[in-house]
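Since the structure comes first, as structure tokens, the remarks are kept for the end.
Read-outs: derived from the displayed coordinates by stated rules, not from any lab. Small disclaimer: the values here were computed from a predicted structure and weren't measured. Heads up, the Cβs are rebuilt from the backbone with ideal geometry, glycines too, and the neighbour counts pull from every protein chain shown.
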Amino acid sequence: MSLTISKNKLGGLLCLLLGIAVFLGSRQFPPLDDGYPGPGLFPSIVGVCLTIAGLVLFLQHLPKSTNEGNPQERPRPLALASVALILLGAYFGIAHLGLLPIVAVVILGTGLLIGGDIKWIIAASLITTALVYVLFSLILGVPL
């Protein structure tokens with residue numbers, strides 16, 4: 001009996017757990033007066049979406065037979081530990097560096113660890129960072 005787990009199933013599980021943590025954490029924000037949802041609304045929505053996406057990804061990759069076990073689908077422990085360190089560093093570094101550099105570093109680091117094409121990783125990092133800036137700073141007026 002093999003206890004291996006595919007990358008997609010592990011990613012789905014991590015996404016599911018992160019979504020639950022974000023949703024529960026967003027419940028700590030105080031509600032506003034007059035029934036307005038308050039600052040916890042957006043993180044709650046993100047948490048629910050992450051939870052649903054993680055659940056779908058996890059369930060979609062349940063083994064169809066016991067003979068399944070593609071060696072290329074097995075996660076690399078060092079890469080997984082490195083991603084965990086990047087996220088832990090982001091958690092503690094966000095107070096010192098701010099959201100935008102952390103978003104860029106997390107996307108760059110994670111993309112390089114999973115072996116993506118450097119052009120697409122840089123493009124994804126720049127586009128995501130720009131979208132976060134436009135959404136939060138320019139549209140919502142939230143200082144980053």
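Odds and ends about this structure:
- Contour minus Cα-Cα distance for ALA124 and ASN8 (0.36 nm per residue): 39.8 nm
- If R0 is 30 Å, the Cβ-Cβ spacing of ASP117 and TYR91 corresponds to a FRET efficiency of close to 0.65.
- Taking 0.36 nm per residue of separation and subtracting the Cα-Cα distance, full extension of the segment from ALA81 to ILE52 would add 8.0 nm.
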